[in-house]
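Readers should treat all values here as calculations from the given coordinates under stated rules, not as data from a laboratory. Worth saying up front: this structure is predicted, and the values here are computed from it rather than measured. Heads up, the Cβs are rebuilt from the backbone with ideal geometry, glycines too, and the neighbour counts pull from every protein chain shown.
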Amino acid sequence: MSAQPVIAIVGGTGDIGSGLATRWIGVGHSIVIGSRSGEKARMSVLRFSKGKMSENLRGRPYDLEMAEVADRVTAAWQRGAS
């Protein structure tokens with residue numbers, strides 16, 4: 001049995017991204033939501049934490065500087081992410 005992948009949604013605080021996140025969280029997937037706005041990201045976490053699927057939340061939210069995001073994207077790409 002293999003572990004399910006983590007789904008990253010860039011732009012996950014918009015209507016489409018948050019809708020996808022809601023559905024995927026609802027069926028047990030692990031989700032990472034990306035946003036250019038720290039405030040929108042915090043509001044998304046609050047929205048999910050108060051909903052029916054709050055038991056599916058794991059970990060804690062964090063903010064990254066753009067340089068850190070770029071480093072992580074580069075490292076993921078080098079390991080074969082697409």
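Run the numbers for Thr22 and Ser49: contour at 0.36 nm per residue of separation, minus the present Cα-Cα distance, in nm. Intermediate values should be presented prior to the final figure.
Details: separation 27, 0.36 × 27 = 9.72 nm, distance 1.13 nm.
Stretched out fully, the Thr22 to Ser49 stretch lengthens by 8.6 nm.
Rounded to the nearest 0.05, what FRET efficiency do Ala81 and Arg36 have when you use their Cβ-Cβ distance and R0 = 22 Å? Efficiency for this residue pair is about 0.60.
Close amide H contacts of Gly34 (hydrogens built in the peptide plane, cut-off under 5 Å, sequence separation of 5 or more or a different chain): Ile9, Val10, Gly11, Gly12.
For the range 35-40, backbone phi angles converted through the Karplus equation (6.51, -1.76, 1.60; θ = phi - 60°) give residue-by-residue couplings of 8, 6, 10, x, 5, 5 Hz, Gly and Pro being listed as x.
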